[in-house]
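Heads up: the structure comes next, in structure tokens.
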Amino acid sequence: MAKRKVSNRGGNIIGHFPSLKMGRMVAFESTIERDLLYLLDFESHIKTFSEQPVTIIYWDEGKQRSYTPDFKVTFANDQVNLVECKPQALTQKAANLQKFAAGKAWCAERGWSYEIITDDALRRGFRLANVKFLTRFARHQLPLTLKYQILSFVESAKAPSIQDAINVITTEEPAVIRAMILQMAFFNELLLPLDEGPICLDTSIQRPSLQENKHEHPKILTPN
């Protein structure tokens with residue numbers, strides 16, 4: 001349960017994100033938080049997440065202050081991160097540096113990690129835009145038999161593209177086949193190179209590797 005309600009007293013954008021992974025509306029109070037929720041909902045190495053999860057009490061110049069990080073994220077290996085979203089331009093502000101230090105110390109006492117997500121890092125490259133695009137297809141009602149045809153084709157073909165699948169599978173309209181491929185990619189049933197460029201008909205498709213993510217200390221954002 002959230003420790004505080006989101007607020008737009010500072011003129012920031014607030015709203016609710018319809019999370020498929022969590023099965024509920026998740027509150028956000030900035031466009032950075034909103035965009036991060038797309039990745040939290042999509043990335044397979046992230047198991048659960050919640051907003052405004054804990055309130056940390058710390059001291060600053062003899063005064064007791066409170067700080068509520070934006071998200072608690074649990075990874076597939078059960079590591080827990082507290083996450084703070086901040087514009088890059090504000091990361092060196094004295095008040096924020098004090099909050100970051102308090103968050104890191106609080107997490108260290110519990111064996112958790114603390115992660116700062118900036119707008120620059122979050123929106124760098126193609127991944128976020130591609131994940132947003134895939135999310136548009138996540139709720140489409142599509143024929144289940146088509147999924148099995150696509151999986152069979154991908155397993156038998158050599159480095160196929162979305163267009164190759166459309167050319168070979170003729171039981172449905174091209175738009176339906178494309179929508180199913182993109183939906184399967186959202187649910188990590190197919191793997192697309194999301195960091196290499198915008199998704200298009202020439203984008204390659206493959207089955208995900210069965211190898212588990214063995215990173216001891218995973219992060220939400222990984223370097224491109």
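Any read-out appearing in this document is the output of simple, stated calculations on the displayed coordinates, not a laboratory observation. What you see is a predicted model; the values in this text were computed from it and never measured. Methodologically, a virtual Cβ is constructed for each residue, glycine included, from the backbone with ideal geometry; neighbour enumeration extends over all protein chains shown.
Data table
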item: Any hit, the stretch 108-126, residues being closer than 21 Å to residue 19 by Cβ and among the basic types (Lys, Arg); result: yes
item: Strands (runs of 3 or more DSSP E) enclosed by the stretch 56-137 - at least 1 residues per element that are exposed (fewer than 13 other Cβ atoms within 10 Å of the Cβ); result: 56-60, 63-67
